[in-house]
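Undergrad: Let me give you the structure first, and then I'll get to my questions.
The values are calculated or read from the model by the stated rules, or taken from the named source; none is laboratory data. Keep in mind the model is a prediction, meaning the values are calculated, not measured. Note that we place each Cβ from the backbone using ideal geometry, even for glycine, and neighbour counts take in every protein chain shown.
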Amino acid sequence: MTAIFTPCNSESHAASIEFGHAFQPIIDVAAHRIVSYEALIRGAHGEAASQVFSSVAPEDMHRFDAAGRVEAIRLAAQLGIGCDLNLNLLPQSLLLSSSSIDSMLDAAAECGLPVRRLVIEVTEGEMIHDHARFSQLINVYRRAGLKVSIDDFGSGYSSLNLLAELQPDQIKMDMALIRGIESNGPRQAIVRAIASVCIDLGIDLMAEGVETLDEFQWLRGEGIQLFQGYLFAKPSFTSLPPAQFPD
């Protein structure tokens, strides 16, 4: 199932952009259940998100960003989602206009999805020029039940500043920290430090991009219980896929 995005100026770029979403489960291994699905934007033929966004003109980027979340909500509702839904947000979209969130909440209301089931993911690597202003704006929606996650945590230089300003509900550790962690002492030390901070601040910590049983077993041994990755399920375009839970 795909949607069509029409640019403001069709003469300067492609007349339209066809896109869809794949869904990948996020699991709680302690509770042995799927707690959320992340909506991953893709091209009409499965192209990666980076390829889709590269076809969007800069002046259309924030409108496309908002349209993507609306379509993801509608598709998830059609597929019968019964848990949380993680949706990506370009931070500058919110700084430019609150309508980038309002349109998403309107779509959720139309589809019967409670706000408390929506999780906004902000990628740490994306530049947020004004952390305090962004936090002020997003907190208006958090008071209504919206949850916030920092994606790719540890991938950039502003991790701690963003963490202090935003105080998210959830952190998703960058997969570069996860890869081969069972045999990498420095990465193990960093992950232990992140886990300790999350415990102190009451933040849920997730390991994403987990691909091997060795990675999973080391992380699980450190008390991490939220996971996402190919080890558990690959993204699906046509369904909300089940997850495989390691023994």
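Undergrad: Can you give me the number of residues within the stretch 1-44 that are modelled with pLDDT of 95 or more, on the phi < 0 side of the Ramachandran plot and not in a strand (DSSP E or B)?
TA: Total meeting the criteria: 3.
Undergrad: Looking at the stretch 217-231, can you tell me whether even one residue there is under 21 Å from the mean Cα position of the chain (by Cα), part of a helix (DSSP H, G or I) and under 27 Å from Y141 (Cα atoms)?
TA: No: zero hits.
Undergrad: Got a sec? Which of A39, A66, A77, A72 is surrounded by fewer than 18 Cβ atoms within 10 Å (Cβ to Cβ) and of a type in the set (A, V, I, L, M)?
TA: A77
To keep it simple, each residue is scored yes or no on (1) surrounded by fewer than 21 Cβ atoms within 10 Å (Cβ to Cβ); (2) more than 13 Å from the chain's Cα centre (by Cα); (3) closer than 30 Å to G221 by Cβ.
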residue: I26; (1), (2), (3): no, no, yes
residue: R33; (1), (2), (3): yes, yes, yes
residue: A49; (1), (2), (3): yes, no, no
residue: M61; (1), (2), (3): yes, yes, no
residue: P91; (1), (2), (3): no, no, no
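Undergrad: Look through L166, L146 and report the one residue that is at pLDDT 90 or above and crowded, with 20+ Cβ neighbours inside 10 Å.
TA: Checking each option against the conditions leaves just L146.
Undergrad: Only one of these conditions is not met by Y37: (1) hydroxyl-bearing (S, T, Y); (2) within 15 Å of the chain's Cα centre (by Cα); (3) over 23 Å from D151 (Cβ atoms). Which number is it?
TA: Result: Y37 passes all but (3).
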